[in-house]
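Asker: So that we are looking at the same thing, I have put the structure below in structure tokens.
The values are calculated or read from the model by the stated rules, or taken from the named source; none is laboratory data. Small disclaimer: the values here were computed from a predicted structure and weren't measured. Here the Cβ positions follow ideal geometry from the backbone for every residue, glycine too, while neighbour counts run over all protein chains shown. When the accessible area is computed, the model is the full protein with side chains, heavy atoms only, and any ligands, DNA or RNA have been set aside. Shrake-Rupley method; radii C 1.70, N 1.55, O 1.52, S 1.80 Å.
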Amino acid sequence: MPRKLGSYFAAEYIEDNGFLYVNEVKETQWLLEHVHDFIEIVVVLDGKGIQYIDGQPMHVQEGDVFALPIGVSHVFRPSPAKRAAPLIVRNIMIRSEWLEHLKICLPDLSIKQLIDWLVGKGDRTDSLQRWAKAADHLGAIRRISESMQDILAKRDAAYLTQAMALVTELLVLLIRCSEWRFATMMAHMSDSNKELLTLPPTRSSNRNVEQFLDYLTHAMPDDYTLPMLTEKFQLSERQILRICHRHLGTSYMRFVQKQRITHSCRLLASPDLKVYEVMHASGFQNADYFNRLFKRHTGLTPSAYRKLLLHK
């Protein structure tokens, strides 16, 4: 039976004109395992506990750093011991589209490969590890994350340029970490295995992708979940997210958002439905988030959009 997963979107955290968000969290037992449409780098600041990545548990402690590409599910659980220190992590969230634009400006192939891996691009990603772990022995990544948080809070002159420089520095540090596994995989892979990673898809897999895309573009977003799609079309979550990037030109979660907003636009044409009823019928639970997302897509609030429709 597929695990129940939550979903988090960049639009819930990162401002429209921004690309980065950093927060500090004291982990609890109650958060649902989740996926997100942004890249997340997690620094364990204090305490010990368990992190579940793609449903698999592993021990975590202060100094651990995890890179979680788009489509990787995870959740932290603090130690259940009565006298255990709280498990505190700092989350670095980076908008995937912005990171792809940054890649164009960067000269080093290893950084470009890392970015491709983080955003879920390239056929080879299914053959490599879905996530990566490093040990921040000297505290350099922790200090970068603190600087990011400080810069975003103060918003001094040219703070976005400073933030961009810190993201670039973070990518370099991740590549250089001795325990970072992605950077060495390609170097130690035989030529025959490298060729296997770039083989074209089979005819049956093409047919599966076509059926998936046809279903996704015609079904209502509330008619499916990511775990249901993986079971229905025999595709991994990673494959689904990559297919959306490649064939739809956007992330899976952004596509679902757009479908839901499009559906809500149709429902708003009916004067019998209240705005909050339209919101729930379109798959949204939070009114502030719905209003903000609706305005981003249409330029109007749901109420203003309805008035425009009804007075035409």
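Asker: With 32 Å as the limit, write out which pairs from Lys154/Lys307; Lys4/Lys26; Lys258/Lys307; Lys154/Lys295 have Cα-Cα distances beyond it, or answer none.
Answerer: Values: Lys154/Lys307 39 Å; Lys4/Lys26 22 Å; Lys258/Lys307 21 Å; Lys154/Lys295 27 Å.
Beyond 32 Å: Lys154/Lys307.
Asker: Report, in degrees rounded to the nearest 10, the 0 to 90 angle that the Cα long axis of helix 96-105 makes with the longest principal axis of the chain.
Answerer: Helix 96-105 and the main axis of the chain meet at about 50 degrees.
Asker: If the chain between Asp288 and Asp156 were fully stretched, how many nm would it gain, using 0.36 nm times the residue separation less the Cα-Cα distance? Intermediate values should be presented prior to the final figure.
Answerer: Details: separation 132, 0.36 × 132 = 47.52 nm, distance 2.77 nm.
Stretched out fully, the Asp288 to Asp156 stretch lengthens by 44.7 nm.
Asker: Classify segment 12-165 as rounded, prolate or oblate, taking a ≥ b ≥ c as the square roots of the eigenvalues of its Cα gyration tensor: rounded when a/c is under 1.5, otherwise prolate if a/b is larger than b/c and oblate if not.
Answerer: Details: a/c = 1.82, a/b = 1.27, b/c = 1.44.
Since a/c reaches 1.5 but b/c is at least a/b, the shape of segment 12-165 is classed as oblate.
Asker: Just subtract the alpha-carbon distance of His137 and Met58 from 0.36 nm times their residue separation and send over the number in nm, one decimal.
Answerer: On the way: separation 79, 0.36 × 79 = 28.44 nm, distance 1.89 nm.
Gain in length upon complete extension: 26.5 nm.
Asker: Run the accessible area of segment 1-142 with a 1.4 Å probe and give the carbon-and-sulfur part as a rounded percent. It would help to have the intermediate numbers written out before the result.
Answerer: On the way: 3490 of 6430 Å².
On segment 1-142, the fraction of accessible area on carbon and sulfur atoms equals 54 percent.
Asker: If the chain between Lys258 and Ile50 were fully stretched, how many nm would it gain, using 0.36 nm times the residue separation less the Cα-Cα distance?
Answerer: Full extension of this stretch gives 71.4 nm more.
Asker: Sticking with this one: Run the numbers on the chain and let me know its relative contact order in percent, using alpha-carbon pairs under 8 Å that are six or more apart. Before the final figure, lay out the partial values.
Answerer: On the way: 435 pairs, mean separation 49.7, N = 312.
RCO, the chain: 16 percent.
Asker: Specify which labelled value, from [x] 82, 63, 37; [y] 63, 52, 45; [z] 67, 56, 32, agrees with Cα extents along the principal axes in Å derived from the coordinates of the model shown.
Answerer: Computing Cα extents along the principal axes in Å and matching it to [x] 82, 63, 37; [y] 63, 52, 45; [z] 67, 56, 32 gives [y].
Asker: Got the relative contact order for segment 1-152 handy, in percent, Cα pairs under 8 Å and 6 or more residues apart? Don't skip to the answer; put the middle values down first.
Answerer: Values: 285 pairs, mean separation 42.6, N = 152.
Normalised by residue count, the contact order of segment 1-152 is 28 percent.
Asker: What angle, in degrees between 0 and 90 and rounded to the nearest 10, separates the Cα long axis of helix 252-267 from the longest principal axis of the Cα atoms of the chain?
Answerer: With both axes taken from Cα atoms, the answer is about 10 degrees.
Asker: Also, I was wondering about something else. From the helices alone, meaning DSSP H stretches of at least four residues, give me the mean residue ellipticity at 222 nm for the chain, per-run term -39500 (n - 2.57), in deg cm²/dmol to the nearest 500.
Answerer: Working: 13 runs with 143 residues, N = 312.
Rounded to the nearest 500, it is -14000 deg cm²/dmol.
Asker: When the expected Rg is taken as 2.2 N^0.38 Å, what fraction or multiple of it is the alpha-carbon Rg of segment 1-97? It would help to have the intermediate numbers written out before the result.
Answerer: Numbers: Rg = 13.4 Å, N = 97, 2.2 N^0.38 = 12.5 Å.
For segment 1-97, the normalised Cα radius of gyration is 1.07.
Asker: Could you give the angle, 0 to 90 degrees to the nearest 10, between helix 203-218's Cα long axis and the longest principal axis of the Cα atoms of the chain?
Answerer: So the inclination is approximately 50 degrees.
Asker: For Leu32 and Gln211, what is the calculated FRET efficiency with R₀ set at 25 Å and r taken between the beta-carbons, to the nearest 0.05? Walk me through the intermediate numbers first.
Answerer: Numbers: r = 29 Å, r/R0 = 1.17.
Taking R0 as 25 Å, the efficiency between Leu32 and Gln211 is 0.30.
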